[in-house]
Amino acid sequence: MAAEKICEQLGQFVSHCADVSKSEPEELQNYDILLLGVSTWNIGEMQDDWDEFIPRMEGLDLSGKQVGFFAMGDAIGYSYNFLDAMGQLWNVVKELGSPQLVGIWPTEGYEFDESEAVYDDNHFVGVGLDEDNEPDLHDERIKGWLMKIMTDCELLPS
C-alpha cells in the first residue's frame, strides 16, 4: 500500500517499482535513487521477504547511490520496537559501499518507546507509517517525506 502510494505520488520520477520478493539484489545497482520499504513483523523482526533478500545482497556495491527508507509499524502495540526493521535494513545497506542516506524523517508527532530506526535524537532513518493507529496521517507523511527526498536528491528546481 505504501509503495503504491509513493509510486503514484512520484509519477514521472519513478522509473521502476518492484516487489523485493520478485527481485534480485543486483537490480538495485541499476538505479541512482533507491526508496526501500519494509514492515516490522512480530516483535521487532524483519519481514520475511527482506529476511530472505538480505543475505543475497552480500557483495553489492551501492556506493554513490542515494537511499531512502519507508516502513510500516505499530507504535501502540509494539512501542518498544516500532519500525525496527527499517533500522535493521539501513544497518545492512550502509555497509554495501558508501550509499548516501536521504529522507531522514522527524520523530516528532510519533509516540513510541524505542526503535532501531532512530537516526539521531530527533529523526528516524526514514518515514514511518502506522496503518493500525494513524492511517489518516499516511498521505501527509508520504507527501512531506517525498518532498524531503526530492530536496535531498536535488531533484527540485532551485
Self-check item: Conditions (1) over 21 Å from V102 (Cα atoms); (2) in contact with a helix residue (DSSP H, G or I) (Cβ under 9 Å, 6 or more places away or on another chain); (3) not aliphatic (A, V, I, L, M); number of the one not met by F70
Solution: (1)
Quiz item: Does segment 16-47 hold any residues that are hydroxyl-bearing (S, T, Y) and touching a helix residue (DSSP H, G or I) at 6+ places or on another chain (Cβ under 9 Å), and which are they?
Solution: S21, S23, S39, T40
Self-check item: Looking only at segment 44-92, and only at residues there that are among the small types (G, A, S) and under 17 Å from V127 (Cα atoms), the one that is surrounded by the fewest Cβ atoms within 10 Å (Cβ to Cβ)
Solution: S79
Practice problem: Scan segment 1-43 for residues that are of a type in the set (S, T, Y) and either buried (at least 17 other Cβ atoms within 10 Å of the Cβ) or outside any helix (DSSP H, G or I) (or both) and jot them down. | Solution: S15, S23, Y31, S39, T40
Exercise. Just give me the residues in segment 43-74 being within 16 Å of the chain's Cα centre (by Cα), over 20 Å from I6 (Cα atoms), of a type outside the set (D, E) and at pLDDT below 95, in sequence order.
Key: G44, M46
Practice problem: Any residue in segment 112-138 that's farther than 14 Å from M72 by Cβ and touching a residue at least 40 places away in the same chain (Cβ under 8 Å): show its pairings with residues that are polar (S, T, N, Q) and surrounded by fewer than 18 Cβ atoms within 10 Å (Cβ to Cβ) at Cβ separation under 8 Å, as long as the two are six or more apart or on different chains. | Solution: E116/N91
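The values are calculated or read from the model by the stated rules, or taken from the named source; none is laboratory data. Being a predicted model, the structure only gives us computed values, none of them experimental. Because the Cβ atoms are built from the backbone with ideal geometry, glycine has one as well, and the counts that use them run over all protein chains shown.
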